Amino acid sequence: MVGTFSDRASYEAYVRSIYAFRLPLERALARARLPESFLPWSPLLIGEALERDVNVLNLGKSDDLRSSPEIETTEQLYGLLYTLEGSSLGAQILVKRAAALGFEADTGASHLVRQAGSIGSWRSFCDHLEAEPSLDMSEVSASACGTFRRARECFSKHQAAGSLMA
């Protein structure tokens, strides 16, 4: 799991890391054209909630945002979405850990509350993935692995603030 935390300092490092990871990817998604077969579904975006949390926690805007990748193929899109939508599963655990530390929707964990409350989005995405027979699943997998690797790199940068990798 990427993003574990056990105290305020490691939670703040987690928020900085997830912000640095998610915002460039959500910008890339905003530029991407989703397949018409996705409609009316759309990806779960938490960037605005993360920006609120950064402000509530007085973390300041990150100066280490990586550039937004270009999504050039449908397989890259599916791989990216597989990782981002799948993170709602981990949010089920993290939102409880954040609450135990006193972080709720209005005190710096709105992104987790939004993610944890959107498990249906993951299920809908999986339905779309399974219904797309023309996808090259090795390319989807490579994209998902690349997205996860990007997450690990963002979290590694902020590891000094606490134990962020499990």
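Just so it is clear, none of the values below were taken in a lab; they were calculated from the coordinates. For clarity, every value in this text was computed on a predicted model and none was experimentally measured. Cβ sites come from the backbone with ideal geometry, for glycine too, and all protein chains shown count toward neighbours.
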Residues with beta-carbon under 13 Å from that of Gln76, excluding Gln76: net charge, scoring Lys, Arg +1 and Asp, Glu -1?
-2
For segment 49-157, averaging the sequence separation of alpha carbon pairs under 8 Å that lie six or more residues apart and dividing by its residue count, the contact order in percent is 41 percent
Helix 119-130 axis, angle to the chain major axis (alpha carbon atoms, nearest 10°):
30 degrees
Using the Cα centre of the chain as origin and beta-carbon charges of +1 (Lys, Arg) and -1 (Asp, Glu), tell me which of Gly108, Ser141, Pro35 is placed farthest towards the positive end of the dipole.
Gly108
Here the alpha-carbon Rg of segment 1-87 over 2.2 N^0.38 Å rounds to 1.19
If you put +1 on each Lys and Arg Cβ and -1 on each Asp and Glu Cβ, how big is the dipole of segment 8-161 around its Cα centre, in Debye rounded to 20?
620 debye
Answer with a single label: of (1) 82, 34, 24; (2) 46, 28, 27; (3) 53, 39, 35, which was calculated as Cα extents along the principal axes in Å from the structure in view?
(2)
Taking trypsin sites (Lys or Arg not before Pro) as exposed when DSSP calls them loop (any state but H, G, I, E, B) and at most 15 other Cβ atoms lie within 10 Å, what is the longest stretch of the chain free of them, the sites themselves excluded?
67-166
Degrees separating the helix 47-56 axis from the principal Cα axis of the chain, which is the longest one
0 degrees
Can you give me the Cα centroid spacing of segment 80-137 and segment 1-49 in angstrom?
9 Å
Quick one: helix 74-100 against the long Cα principal axis of the chain, what's the angle to the nearest 10°, folded into 0 to 90?
30 degrees
